[in-house]
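To start, the structure under review is shown below, and the notes come after it.
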Amino acid sequence: MAADRVDAARASTELTHPEPVRAGSRLGLIRRTLRRQEVGYALVGGFNTVFGIALTVAWLTVLPDTAWAPSAAVALAYAVSVVVAFALHRRLVFRVRGRVLRDFLGFVVVNSGGLVLNMALLSLAVTVLGLPKAPSTVVVMGLVAIAGFFGHRHISFRRRPVDEAGGVVR
């Protein structure tokens, strides 16, 4: 009985006063978390979204006030942000080397496929299924982002596995 009370008191103390976590282990946890492809993909995607918005606004301020300026601003912002996104995903998320042109073309194809998928799914959700616009947009964009992650992993930045002897597995 006394041993049970001691164990219960110790468990209660451990819950309210956990062992201090060393700063080094916290930093290690943060580094491991940030090195996960999924986390890096979300962070780079979030950054690139904000960057694309900023570029669009910047282009709108420098282009002449004409009917074609908004479309040109979006196209110019996309042209810059897709290159930046490619470089960041390649270096920070998927960490690949070589085959830059092939990877870039695959990246653009996956991004373009995401655009088409986004348009089709949102149109289906809103016009065919009659779902509310704002929640549908959030859900569809989330699904397209997940699909984009796997598209980039398996198309844009795919590498063949290497066997232990250093040769490419076919």
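The values are calculated or read from the model by the stated rules, or taken from the named source; none is laboratory data. Computed from a prediction, not measured in an experiment: that's the story for all the values here. Cβ: placed from backbone, ideal geometry, glycine included. Neighbour counts: every protein chain shown. With ligands, DNA and RNA removed, areas are computed over all heavy atoms of the protein, side chains included. Shrake-Rupley method; radii C 1.70, N 1.55, O 1.52, S 1.80 Å.
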- Spin-label point model (7 Å from Cα, Cβ direction): what's the Ser25 to Val39 distance in nm? 1.7
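Peptides 31-39, 127-135: what's the order by average Cβ count within 10 Å, highest mean first? Mind showing how you got there, number by number?
Details: 31-39: 11.7, 127-135: 9.7.
Top of the packing list down: 31-39, 127-135.
Could you look at the stretch 104-147 and say what percent of its accessible area is carbon and sulfur, using a 1.4 Å probe and all protein chains? Could you put the intermediate results ahead of the total?
On the way: 2330 of 2790 Å².
Here it works out to 83 percent.
Restricting to DSSP loop positions (anything but H, G, I, E, B) with no more than 12 other Cβ atoms inside 10 Å of their own Cβ, which chymotrypsin sites (Phe, Trp or Tyr not before Pro) remain in the stretch 39-86? Spell out each step's value before the answer.
Values: sites: Tyr41, Phe47, Phe51, Trp59, Trp68, Tyr78, Phe86; in loops: Trp68.
Passing sites in the stretch 39-86 are Trp68.
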- Linear extension gain, Ala79 paired with Val50, 0.36 nm per residue minus alpha-carbon span: 9.0 nm
